[in-house]
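> Before we start, here is the structure in question, set down as structure tokens.
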Amino acid sequence: MYIDSHCHINFPELAARMPEILAKMAENQVTHALCVSVDLPDFPGVLALAEQYPHIYASVGVHPDYEDTPEPTVQQLVELADHPKIVAIGETGLDYYRLEGDLEWQRERFRTHIRASRETRKPLIIHTRSASEDTIRILQEEGAGVAAGGVAGVMHCFTESLAVAEAGEALLLAGSRAEDLARLRAQMDALEAVAKNAESTFERQQRLVRANAVSEQVLDDARHALARDYLRQRDLSLTDIAFLLGYQEQSAFTHAFREWSGLNPGAWRERALAGTIRGA
């Protein structure tokens, strides 16, 4: 299982190839992707992709290289981030390689994103190039690190030294609770195990169907059985389950599950975990 943590598949040249890209993701076991925002005018397209596909998520922000574009406010970013498929703030940061001159506007934009990250409790996607000293300084001044009440984040477009990487890690992650990191690792391990189980069970059934060795009904029954197993696992979201079962949209999974059981997946999960469904 792989997660593409930074992509721009909303860009026109990639959006035009969306079926091909989704097929390549599935072929290479890329189970989730984060489509990263670069400006506000194009943000609706980024969000639309995340809403259309259950395994694609999005961020909101304005890239430091974009000069002639609407400048975001903290309040704008906070409001736009108030969506379940928006999981990060950015792409933000500093870039002194591509742009020259008075770049105070770039530094102020970076500060705006850090403040929005602190308010929304969503991590930063930080672009930094030839600007390590100011990047670290502003992160520290604005309290981006966990120890200072921030949410940390990830460094992207990183062309700096090991010393800068270690300084960024120390600033952003100092104060992270060991139990939080352990919980995240456990969740990732559980999701990876589920994905492997899906490949060894459901995809085997698909191959048999294609070979005319079993009927579509057998495949449907296998999907139903796997769906019930996945719904018993609290850490799996409905969008994760839909994707693991081969559905490109959660709505298709919901419709199928209702046909199987007479309940939508969320209601079935609640009753199963409460022990009120016989055999669950």
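> Can you pull out the residues in the stretch 64-79 that are surrounded by fewer than 22 Cβ atoms within 10 Å (Cβ to Cβ) and closer than 30 Å to Tyr2 by Cβ?
Within the stretch 64-79, Asp65, Tyr66 qualify.
> Inspect the stretch 254-275 for any residue being among the basic types (Lys, Arg), part of a helix (DSSP H, G or I) and buried (at least 19 other Cβ atoms within 10 Å of the Cβ) and give the result as yes or no.
yes
Yes/no per residue for (1) of a type in the set (Ser, Thr, Tyr); (2) outside the structural domain of Ile125 (by TED's automatic domain parsing); (3) closer than 18 Å to Lys85 by Cβ:
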site: Asp42; (1), (2), (3): no, no, yes
site: Ile56; (1), (2), (3): no, no, yes
site: Ser59; (1), (2), (3): yes, no, yes
site: Val62; (1), (2), (3): no, no, no
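> A further question on this structure: Return a yes/no flag: does the stretch 133-142 have any residue that is within 24 Å of the chain's Cα centre (by Cα) and charged (D, E, K, R).
For the stretch 133-142, residues within 24 Å of the chain's Cα centre (by Cα) and charged (D, E, K, R): absent.
> Right, here's the next one. What are the residues in the stretch 131-158 that are in contact with a strand residue (DSSP E or B) (Cβ under 7 Å, 6 or more places away or on another chain) and either over 21 Å from Leu34 (Cβ atoms) or not in a loop (DSSP other than H, G, I, E, B) (or both), if any?
Those that are in contact with a strand residue (DSSP E or B) (Cβ under 7 Å, 6 or more places away or on another chain) and either over 21 Å from Leu34 (Cβ atoms) or not in a loop (DSSP other than H, G, I, E, B) (or both): Ala131, Asp134, Thr135, Gly153, Val154, Met155, His156.
> Within the stretch 145-157, track down each residue that is of a type outside the set (Val, Ile, Thr) and under 20 Å from the mean Cα position of the chain (by Cα).
The answer is Gly150, Ala152, Gly153, Met155, His156, Cys157.
> Moving to a separate point now. Pairs, please: C-beta under 7 Å, at least 6 apart or cross-chain, first residue without any contact (Cβ under 8 Å) to a residue 12 or more places away in the chain and in the stretch 1-17, second of a type in the set (Val, Ile, Thr)?
Partner pairs satisfying both residue conditions: Leu14/Ile21.
> Quick check: is even one residue across the stretch 127-148 over 26 Å from Tyr57 (Cα atoms), surrounded by fewer than 18 Cβ atoms within 10 Å (Cβ to Cβ) and among the aliphatic types (A, V, I, L, M)?
Within the stretch 127-148, one or more residues are over 26 Å from Tyr57 (Cα atoms), surrounded by fewer than 18 Cβ atoms within 10 Å (Cβ to Cβ) and among the aliphatic types (A, V, I, L, M).
> Taking only the stretch 11-37 into account, find how many residues are touching a strand residue (DSSP E or B) at 6+ places or on another chain (Cβ under 6 Å) and farther than 21 Å from Tyr247 by Cα.
Residues meeting the conditions: 2.
The values are calculated or read from the model by the stated rules, or taken from the named source; none is laboratory data. None of these values were measured; they are calculated from a predicted model. FYI the Cβ positions are ideal-geometry reconstructions off the backbone, even for glycines, and counts take in every protein chain you see.
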